[in-house]
Structures are given as C-alpha cells and as structure tokens.
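Everything below concerns the one structure shown next.
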Amino acid sequence: MIRTYKFRIYPSKSIQRTIEEHLNICRYLYNYLLEQKTKNPKLNKMDTQKLITEHKRENPELKKVHSKVLQMVNNKLWGNLKALGELKKNGFKVGKLRFKSSKNHYKTLEYNQSGFKIDYNTKKLKLSKIGEIPIVLHRNIKGEVKGVIIKKEPTGKWFAFFQVEEEPKPLPKTNKVVGIDLGIDGYTIDSDGNKFENPKFIDKTLDKIKRVQKNLSRKVKGSNNYKKTKLKLIKVYDKLNNQKNDFLHKLSRYYINNYDKIILEDLNIKSMVENGKCKTLNRHILDGSWRKFINLLLYKAEGAGREVILVNPHYTSKKCSNCGHVVKDLKLSDRIFFCPVCGWKIDRDYNASLNILKSGLGESVVPAERKPLLQTISYKEVVLGQVFSMNQEALPEGRGLRKPKGFRLTPSVRAE
Ligand SMILES: [Zn+2]
C-alpha cells in the first residue's frame, strides 16, 4: 500500500524561481494536452503521452523540466478526466475539463520513480533539473519511496510529499462490527452506543475566520493591509485544517483498531439526496471533514486488513431499527425517534447507526445487544488518545499517544 509522508522543505529564493518556472511549463503542457484531447476526443493516454515527446522537439523549453515530471502532467490530466467521468456517472451535472488559466491553478510538481534523492547525511532533497533543497526529516521513512510531490501551500510554506510503498500490517481480529452515523451534534454516533462529540474548536476557529473575513472586506483590494489580512485568513484556515486532521486521524484510528468491519453511509449518494439545499460555511466544512474521515478510514483499513462498507443512506434515519417501520414525517428537529408500531423510543442518530449497521450486514442480521444509553466522548479525550484500546500507531510529529486509560464515559442522551 502507498502511504504519504509530508515534510517541510526550505528552497532558496533562486530554487523557488526555478520551481515556479517548472510549474509554468507544466501548466502550459497540461493545457496543450487538454487542447489536443478536446480537438481529437479519440486520443487515449498513450497517445497524449507520445505527444509530449513530439512537442518537445518543437518546444525545447519543455526540456528544462525532468522528463518524468512531464509524464506526470499527462497522468494528472487523465486523472482529472477520470474523476470528471465518475461524477457524471453518479448523476452530477458537470461541464468540460477546464484549462488551467492562472498559475494559481497549477501548484504541484510530481517526480515519479526517478529524478529525486533524499540525502540523509546532509538533510537535503535533490531534485533533478532543480537542485538541492534543505529538508526537515522529522521522522523515519519506512519502505521504498516511489515518488515525491513538491508543493507551496497558501501560507507560503513549502512541502515535499513522499509516496512510500509499505507492507500492510494486518491487525488481530476483534470479531466486532460497527455502524456509524455521521452527525452534527455528535461527530460520530455508533451502533455500540458511543457518541463522539463534534470538536468545539471548529466553531471557535470558524468564528475567528468570519471575523478576519469581515476585516478583509473593509480593506482596499491589493493594498498592503489587504495582503496582510488575507495571509492571516489563510493561516486561520490552515490552523483549522491541522486541528481537524489531528482529530480525524485519531478518531479513525480508534475505529480501525476496535472493529473488523466499519459501516457508514455513502456520502456521494447522501449529498445528492440533500442537493439543492443552501449550505452554510459550517455545514460545508463539516461535509468536507466527513469525506476526509471516510477516506482516512478506507486508507487505514487497507493497511490494517479491515473492511469499510458504504451503504445507501435512504431511510437510515426514518426507519425503526427495531421493527423496520418507516416514520415518514420525522423532522430534522426530532431528536428522539419514536415508532408508533412497536413503541421503540431511541435517540435519533443512534437509531440511524443501528440501521446503518443492519444494511451493511444485510437485513437478516440483527445486531446483538442494543445498549439503551448513548455515551458521549469528548473530542479532548480523542485528541489526547485516551480512547485507544489497542495497537497504537506511532503518530507523526513525534506526539506519541498516551497509554490507554480505558474509556471515560459520561452518559448523555437517554433513550427512554
Ligand atoms: Zn418499530
């Protein structure tokens, strides 16, 4: 399996200029290949690949860039075409692939298989046709480095992302299965009756984002003050991202460590069901983080020999998890689910998680033993690593998890 490691790099001013130049050439090539493909839709990936070699003769500028990097431009184009095709297949209205008109739209250089080398002694990353860049190797890379991506983030910091082939390390079986409902109040509510609090820092940082944004709107566009405030805004977003990622990494690790099978709703179908609704900034960010959470689960599951199942979200909230009756007029504000047929009364999201578990296992399987209580776990406990029960993974940036203390649970929502 491929794992990505992120390291900070410090390119000199002149190297930065070279990288920018390479990015420009790659963007030019991307647009050129897209143009050829648009003119002649029959072209396949091999054809556009060959076009690069031919175009190099007419345009020697291209030779400034390492040949594998140019090849990855073709890869990127085909990756985008494929992603677009899949969106179409899923019923999304999508237009044609757009040309990358400004340099802000082309931000990564990708070396694959060759053209790069990490010198562990001098702590430098050597890139063919670019030069040597100081790198902070804050952790060891285990496995074979397949490629590296160079990127400047909006904060102005430069990073190298190494793609490393690693042997999967299957975890011992737990013989446990879980259904997870993704929510707003509880970030996850699962069929074992655990509710993981939605981290409050998201709200706090969002307030700050709104403040800075308001501030920015008062500044004259292009002025020094405007630029300063804009950078501030980017930095707050960056902070939010880092906090969010830390939380999501640990929460997903918790589920991977404790369950053989993890069942969730397929958000691609779900977002279509809810399409057309106006989304607030908070909701937008939450949505993005759910996707990220699922991706992290999928990614970690691959290495750990676990299974992640995505089910159709239809009726997961409206169906009674006890008898299967569908309560059609359940409102979003109804926090307690009540079934008029069998009398089952249960927290709404908990009910959904039980339905998700059922759909993932097939209707015939009834989950063993329902717990009447929902237990809330604060995000602090997640971030501090107090909820991990086994096989702790070494964390990046050297912040090891604490020894498991077992769950500290506080009963919260009572389903009477
Ligand atoms: Zn019922």
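Things to note:
- Segment 2-165 - percent of accessible surface contributed by carbon and sulfur, probe 1.4 Å: 50 percent
- Binned Cα-Cα distance frequencies in segment 2-165 - 10 Å width, integer %: 9, 36, 33, 18, 3, 0
- On the basis of the beta-carbon distance and an R0 of 56 Å, R57 and R291 show a calculated FRET efficiency of 0.85.
- Per-peptide average of other Cβ atoms within 10 Å, ordering 350-362, 78-90 highest first: 350-362, 78-90
- Ranked by the mean number of other Cβ atoms within 10 Å of their residues, highest first, the peptides 331-340, 68-77 come out as 68-77, 331-340.
- Computed extension length for R218-K129: 27.7 nm, one decimal, from 0.36 nm per residue of separation with the Cα-Cα distance subtracted.
- Inter-label distance for E86 and I234, nm, one decimal - labels placed 7 Å from Cα along Cα-to-Cβ: 2.9 nm
- For segment 2-165, the solvent-accessible area of protein heavy atoms averages 57 Å² per residue (probe radius 1.4 Å; ligands and nucleic acids excluded).
- Rounded to whole Hz, the Karplus (6.51, -1.76, 1.60) HN-Hα couplings of segment 126-132, x for glycine and proline: 9, 10, 4, 6, 10, x, 9
The values are calculated or read from the model by the stated rules, or taken from the named source; none is laboratory data. Predicted, not measured: the structure shown is a model, and the values here were computed from it. Every residue, glycine as well, gets a Cβ built from its backbone with ideal geometry; the counts of neighbours run over all protein chains shown. Each accessible area value is taken on the protein alone, full model and side chains, heavy atoms only, with ligands, DNA and RNA left out. Shrake-Rupley method; radii C 1.70, N 1.55, O 1.52, S 1.80 Å.
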